[in-house]
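To start, the structure under review is shown below, and the notes come after it.
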Amino acid sequence: MNKPTVLSGIRPTGYLHLGNYFGAVQNFIRMQDDFNCFFFIADIHSLTTHPTPENLQSGVKQVLAEYLACGIDPEKATIFIQSDVPEISELYAFLNMNAYLGELERTTSFKDKARQQPDNVNAGLLTYPVLMAADILIHKADFVPVGKDQEQNLEMARKFAKRFNRIYKKEIFPIPRPYTFGGGDMIKVPGLDGSGKMGKSEGNAINLYEEPKSIRKKVMRAVTDSGPTEMNQQKPEAIENLFTLMDIVSTPDTVAHFDGLYNKCEIRYGDLKKLLAEDIIAYTSPIRERIIEILEDDTYLAKVAKMGAEKARESAVKTLQEVKDVIGFRKLF
Ligand code: AMP
């Protein structure tokens, strides 16, 4: 029996952070044995923020090395760079013809980005969900493991797939579904600034590549408050966020210990932060060491990218041909 197809990607706009790791990459690793996996580096998506050629190149290399260091095996999963597969851009153009201004303007991620970069509200930002749909649909992905922040964009991809199938009266695209390993809720890893998610552009992230010294500094500076004043009181968001991070990286005993202290109004945030920092370091240190090693091996990185591009194109060319046939492009002359 054919394995279901999975696709997901990350933009090369910096280092992978704990949000990327626990929201996405950890699931990739767990899925690579049982699914036909495509994991890519979304370099075209990253152009919405206008990187310099040098930053783009080093960002792509960094994510590639980080994927490998985290444990994605290029023999099991297809790891590729988005711009190596031109069929994606072609499908993006076709899907754009049936994507409407109103629905694109209404997406939360567009509204957020337009707020974050008011001087650069480009058409790429507006049609970001269309490109994401092309990424997914070009491989006819059944499942997309993403974090909670991508839920709405994935919903758009489902909408575009259904619309295309309906317009052309053919089930060309399977309708992609979100996926979390173990069937739990989609994860949202909080940042260290008291509210919201951890993100590259939010400046509140801890990277996998981060040195232990810098992790300690960032965690110790995380936003807290003056402490609980009543027994068993509800935690404000900043404190809840620290507990969420601890839930992710620490043992249940550690979480229960600090939860107990909080409920008795005996918590010392400094102690919690010290432990949290060490638990994060225990996670990231081995990955960081592997990243450093892999980054030195350009030959290996080039080999992985080439192999991935070949496998990804094989799948993409097939889908694109079907799409062009059904749209009505014919060789007449
Ligand atoms: P990005 O860094 O925006 O390119 O996101 C790449 C992947 O990481 C997507 O699957 C996101 O859903 C996931 N991701 C990014 N930030 C977080 C976060 N704070 N919590 C959970 N998942 C995240």
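The values are calculated or read from the model by the stated rules, or taken from the named source; none is laboratory data. Just so we're clear, the structure is a prediction, and the values are computed from it rather than from any experiment. Neighbour counts are summed over all protein chains in view; Cβ atoms, including those assigned to glycine, are modelled from backbone coordinates with ideal geometry. Just the protein is used for accessible areas: all its heavy atoms, side chains included, with ligands, DNA and RNA removed. Shrake-Rupley method; radii C 1.70, N 1.55, O 1.52, S 1.80 Å.
Okay, here's what the table says:
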read-out: Restricting segment 87-130 to trypsin sites (Lys or Arg not before Pro) in coil, as DSSP defines it, with at most 12 other Cβ within 10 Å; value: Arg106
read-out: Neighbourhood net charge (13 Å Cβ-Cβ; Lys/Arg +1, Asp/Glu -1) for Asn98; value: +3
read-out: Interchain or long-range residues, amide H under 5 Å from Phe80's placed H; value: Phe39, Phe40, Ile41
read-out: Angle between the chain longest axis and helix 151-167 axis [Cα atoms, degrees, rounded to 10]; value: 20 degrees
read-out: Computed helical MRE - 222 nm, the chain, DSSP H runs ≥ 4 contributing -39500 (n - 2.57), nearest 500; value: -16500 deg cm²/dmol
read-out: Portion, in percent, of the accessible area of segment 102-235 that falls on carbon or sulfur, probe 1.4 Å; value: 49 percent
read-out: Antiparallel bridge percentage (DSSP; both residues within the chain; nearest 5); value: 15 percent
read-out: Spatial separation of Cα centroids for segment 148-164 and segment 1-61, in angstrom; value: 18 Å
read-out: Two-decimal ratio, segment 212-292, of alpha-carbon radius of gyration to 2.2 N^0.38 Å; value: 1.15
read-out: Accessible surface, per residue, of the chain when the full set of protein chains is kept, probe 1.4 Å, Å²; value: 49 Å²
read-out: Overall form of segment 104-187 per C-alpha gyration tensor (a/c, 1.5; a/b vs b/c); value: oblate
read-out: Hz values of 3J(HN,Hα) by residue in segment 88-98 - Karplus curve (6.51, -1.76, 1.60), Gly and Pro given as x; value: 5, 5, 5, 5, 4, 4, 5, 5, 4, 5, 10
read-out: Amide H within-cut-off set for Phe35, under 5 Å, with H built and near neighbours excluded; value: none
read-out: Segment 88-137 versus segment 262-333: alpha-carbon centroid distance in Å; value: 22 Å
read-out: Within the chain: Cβ-based charge dipole about Cα centre, in debye rounded to nearest 20 (Lys, Arg +1; Asp, Glu -1); value: 1040 debye
read-out: Net charge over other residues, Cβ less than 14 angstrom from the Cβ of Leu16 (K, R count +1; D, E count -1); value: +3
read-out: On Cα atoms only, tilt of 298-327 relative to the major axis of the chain in degrees; value: 50 degrees
read-out: Largest-first principal axis extents, alpha carbons of the chain, Å; value: 80, 46, 46
read-out: Helix 252-263 vs. the chain, principal-axis angle (Cα, 0 to 90°, nearest 10); value: 60 degrees
